[in-house]
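Take a look at the structure set out below.
The values are calculated or read from the model by the stated rules, or taken from the named source; none is laboratory data. Only a predicted model underlies this, so the values are computations on that prediction, with no experimental measurement involved. FYI the Cβ positions are ideal-geometry reconstructions off the backbone, even for glycines, and counts take in every protein chain you see.
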């Protein structure tokens, strides 16, 4: 049994008794019932995921997976593939959007090279687990082999295990890969059986003509590869991405190790969706950070049956939305842990 199969077998449902117990405690805090809205939802879910009524939320890490895409050859992005390694170096210097927002909420950013067509020098903050130098052009052949897809998933699984071992309390997902909205649209089109046009948007801000080309390219790739919508590994390997696979593994690993995982936007959710198709129980371990401007994201969230925390018209990726949502989730956890009860504060309770 490989690591992926072991992880899928290890995932268990969250402790629903703790959801009720956490809500009962929240109902005794010095406030009207339910008056902290979704913060209370975050708190009770966090307790159920971690298996404790006094969960920690202090150590937060965002894993930003990076990979290149052969389909960029088809002119689907406004940016050349060289931007992928350039942005990785920007992350490592602390100058990207995710770095700024992660610092704001007290989270660490770790960059994972799972498939960049570039040789990085080992340095702090960079995890080099390169499975391949990018995917292949899926209009001509499968994006990767099944073995490559599994290897990239297992990179993410292992990172989740190590995070748990290191005492990380909350994990966020992020990504970087020029052209990666193209495989993400392909994945949701296949899994939801929707038309490519319904789930494909402008990514980095492409023109109308480039958008039309992008739709044609995805349609061509799906028609040529014929991914099986009942087999998430088949879909991932034929029209997916290495960073998407890494994120899928991270989500699976977090579920197996009872770590809350905050999933960023469109591309990250493509990875989370693959994870949930492999084992539906992982849905209960996911916090959906936000709803992206990318039109296919809504269909992903619907298929996952998760409600996004934010709607800020974001479409950057990197883990930016995850960073913002982490702050709100931690606020809910702090309410559970730190807010006084009526008895503790000597405040009379209301009559309901």
Selection within the range 142-183 - free of Cβ contacts under 8 Å to residues at least 12 places away in the same chain and either in contact with a helix residue (DSSP H, G or I) (Cβ under 6 Å, 6 or more places away or on another chain) or farther than 30 Å from residue 49 by Cα (or both)
147
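Per-residue answers, yes or no, for (1) surrounded by 15 or more Cβ atoms within 10 Å (Cβ to Cβ); (2) in contact with a strand residue (DSSP E or B) (Cβ under 7 Å, 6 or more places away or on another chain):
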site: 9; (1), (2): no, no
site: 15; (1), (2): yes, no
site: 23; (1), (2): yes, no
site: 52; (1), (2): no, no
site: 62; (1), (2): yes, yes
site: 68; (1), (2): yes, yes
Search the range 1-15 for residues that are closer than 24 Å to residue 51 by Cβ and not assigned by TED's automatic domain parsing to the domain that holds residue 260 and pair each with any residue that is exposed (fewer than 11 other Cβ atoms within 10 Å of the Cβ) and modelled with pLDDT of 95 or more when their beta-carbon atoms are under 9 Å apart and the residues are at least 6 apart or on different chains.
none
crowded, with 22+ Cβ neighbours inside 10 Å, in contact with a strand residue (DSSP E or B) (Cβ under 9 Å, 6 or more places away or on another chain) and free of Cβ contacts under 8 Å to residues at least 24 places away in the same chain - does that describe any residue in the range 96-105?
yes
Do you know which residues across the range 310-352 are out of contact with any strand residue (DSSP E or B) (no Cβ under 8 Å at 6 or more places or on another chain), closer than 27 Å to residue 87 by Cα and part of a helix (DSSP H, G or I)?
327
Flag if residue 206 is closer than 26 Å to residue 139 by Cα, touching a residue at least 40 places away in the same chain (Cβ under 8 Å) and in contact with a strand residue (DSSP E or B) (Cβ under 6 Å, 6 or more places away or on another chain)
no
Filtered residues of the range 70-95 (kept if touching a strand residue (DSSP E or B) at 6+ places or on another chain (Cβ under 9 Å) and over 25 Å from residue 289 (Cβ atoms))
85
In the range 20-52, how many residues are over 23 Å from the mean Cα position of the chain (by Cα) and within 19 Å of residue 260 (Cβ to Cβ)?
9
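How about the range 130-223: which helices (runs of 4 or more DSSP H) wholly inside it have at least 3 residues that are within 30 Å of residue 56 (Cβ to Cβ)? Lay out the reasoning, then the answer.
On the way: elements: 146-165, 181-192, 196-199.
Of the helices (runs of 4 or more DSSP H) lying wholly inside the range 130-223, those with at least 3 residues that are within 30 Å of residue 56 (Cβ to Cβ) span 146-165.
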Would the range 179-202 turn up any residue that is modelled with pLDDT of 95 or more and touching a strand residue (DSSP E or B) at 6+ places or on another chain (Cβ under 7 Å)?
no
Top-ranked residue in the range 214-237 [being surrounded by fewer than 16 Cβ atoms within 10 Å (Cβ to Cβ) and in contact with a helix residue (DSSP H, G or I) (Cβ under 7 Å, 6 or more places away or on another chain); ranked as nearest to residue 273 (Cα to Cα)]
229
